[in-house]
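The structure under discussion appears below in the form of structure tokens.
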Amino acid sequence: MNKLIVSIALPYHDRSISVLNDGILVDFIIEDRISRNKYDNKFPLLSLQTLKDKYPEVNTILISQVGDDFNQADPLIEAIKKLNIKYNKIITLPVNEHHSLHASAGFYSSGFEEAGILVIDGHGGLDKIKHEDRELIGTTTTSIWKGSYAEGIEKKYKKIWYLPSENNSFPDYLLDKYKQEEDEWSPTPDIGVMYTTIGMHLGFPFVGDAGKVMGLSSYGKENNLPPFLFEDTIECNPSVMKNNYSLYTKLHPILGVYSDENRKNLAYNVQKSLEKVFLTRVEQTLNLCNSNNLVLSGGCFLNVIGNYLIKKNFPNINIFADPLANDGNLSLGAAKSYYYFNNEPKVRDPLSTLFLGPSYTKEEILNSIKKYA
């Protein structure tokens, strides 16, 4: 059996397959590039056929991020068997690994010997606290990790978003008693959900539409709309944003005015909020990790304006902004983590190119252009 590790990630969007050959990334297959349907989350995956055509026999298959429905793993395994992809073993990873996989993908792609790793996205993975007959369930929104080839990926901080309800409620004294010391539980949205909320409010319904909000923000200006962050903190203003991806327009009627000026200013305000959160979280990461190297991963770091401001405000540190920062990198993070945990000596393979797909000659490109011209 060969040394191929195939990692398949099944988040709600950006589903992907990473292939390592003896620790080296040799292929990265994104589902919506195969189906030609952006943000495709249909099942079974069309990209499995591409995998079969290129790699009919592999050593290990990892299934990561099967979401809240663990049964997604079973039909995926069934599809793999129907395609007659030969393998030595299949491993299904727990759902609470979402942020650690972002961290692993970013760190092992960076080329740093060691680094502080900041992950910010909408939310991902499951976190639980149990006490007698109570159970509090949340999902991670921001996390900080220390990465090194010698020690692996170590959690330093997590912010966990939970939705209080009659059957899902913990008073603060129980939270403080049963939560992990480095975790912060919050009932209000973090910046990723806040950004998505504004996107949906403006008529951009997909998670990937955050780039449109960023673009629109450039046309906004200082204004008198209610602030999205509470006073001088980086916490969500609970009088403005609900925790269900909507705004309190009855409390603040101006938020429901859909004039061009208001739309631009809403985008402007949430972008400025994100930039403040970014800079504060970077400072926190550098303090917790005591490193001059910084890795940025998670979907929020596709925000290039925010990334630019980090570089501008921290000119003396080395920064790697993961170019595969969205959930597509979960398959890569799982593959790299598995490889480095189970192999010695460890082959290092920093990301040097994003062009892992097919290649074409100039003649092939010109012929294609002529065909459709």
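The values are calculated or read from the model by the stated rules, or taken from the named source; none is laboratory data. On a predicted model such as this, the values are computed, not experimentally measured, just so you know. Cβ sites come from the backbone with ideal geometry, for glycine too, and all protein chains shown count toward neighbours. To get the accessible areas, we keep the full protein, side chains included, count just its heavy atoms, and leave off ligands, DNA and RNA. Shrake-Rupley method; radii C 1.70, N 1.55, O 1.52, S 1.80 Å.
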Restricting attention to helices (runs of 4 or more DSSP H) lying wholly within segment 161-223, give those where 3 or more residues are in contact with a Phe, Trp or Tyr (Cβ under 7 Å, 6 or more places away or on another chain).
191-201, 210-217
Matching residues in segment 103-120 - criterion: being open to solvent by 10 Å² or more (accessible area, probe 1.4 Å) and under 16 Å from PRO11 (Cα atoms)
none
Neighbours by Cβ (under 8 Å, 6+ apart or cross-chain): first from segment 135-151, farther than 18 Å from ILE234 by Cα; second open to solvent by less than 10 Å² (accessible area, probe 1.4 Å) and among the polar types (S, T, N, Q)
GLY147/SER104
Please verify whether ASP183 is over 30 Å from VAL257 (Cα atoms) and under 22 Å from the mean Cα position of the chain (by Cα), treating the condition exactly as stated.
yes
Is at least one residue of segment 31-39 modelled with pLDDT of 85 or more, closer than 20 Å to THR92 by Cα and not aromatic (Phe, Trp, Tyr)?
yes
Residues that are among the β-branched types (Val, Ile, Thr) and either under 28 Å from GLY122 (Cα atoms) or touching a residue at least 40 places away in the same chain (Cβ under 8 Å) (or both): list the strands (runs of 3 or more DSSP E) wholly contained in segment 1-109 that include at least 3 such residues.
4-9, 24-30, 60-64
Among (1) hydrophobic (A, V, I, L, M, F, W, C); (2) open to solvent by 80 Å² or more (accessible area, probe 1.4 Å); (3) assigned to a loop (DSSP other than H, G, I, E, B), where does ILE234 come up short?
(2)
Out of segment 312-329, which residues are modelled with pLDDT under 95 and either charged (D, E, K, R) or in contact with a helix residue (DSSP H, G or I) (Cβ under 7 Å, 6 or more places away or on another chain) (or both)?
LEU324, ALA325, ASN326, ASP327, ASN329
Do you know which residues across segment 148-179 are under 24 Å from ALA105 (Cα atoms), open to solvent by 50 Å² or more (accessible area, probe 1.4 Å) and of a type outside the set (A, V, I, L, M, F, W, C)?
GLU151, GLU154, LYS156
Which residues, taken from segment 293-311, are more than 20 Å from ALA267 (Cβ to Cβ) and out of contact with any helix residue (DSSP H, G or I) (no Cβ under 8 Å at 6 or more places or on another chain)?
LYS311
I'd like the residue in segment 15-49 that is in contact with a strand residue (DSSP E or B) (Cβ under 7 Å, 6 or more places away or on another chain), open to solvent by 10 Å² or more (accessible area, probe 1.4 Å) and not hydrophobic (A, V, I, L, M, F, W, C) and, out of all such residues, is farthest from TYR87 (Cα to Cα).
ARG15
Anything in segment 341-373 that is over 22 Å from ILE17 (Cβ atoms), small (Gly, Ala, Ser) and either in a loop (DSSP other than H, G, I, E, B) or open to solvent by 100 Å² or more (accessible area, probe 1.4 Å) (or both)? List them, or say none.
ALA373
Residues in segment 239-249 that are part of a loop (DSSP other than H, G, I, E, B), within 16 Å of SER186 (Cα to Cα) and under 24 Å from the mean Cα position of the chain (by Cα): how many?
4
Complete set of residues in segment 255-271 that are closer than 20 Å to GLY306 by Cα and either open to solvent by less than 50 Å² (accessible area, probe 1.4 Å) or of a type in the set (Phe, Trp, Tyr) (or both)
ASN265, LEU266, ALA267, TYR268, ASN269, VAL270, GLN271
Residues of segment 180-203 being open to solvent by 40 Å² or more (accessible area, probe 1.4 Å) and under 19 Å from ASN269 (Cα atoms), in sequence order, are MET200, GLY203
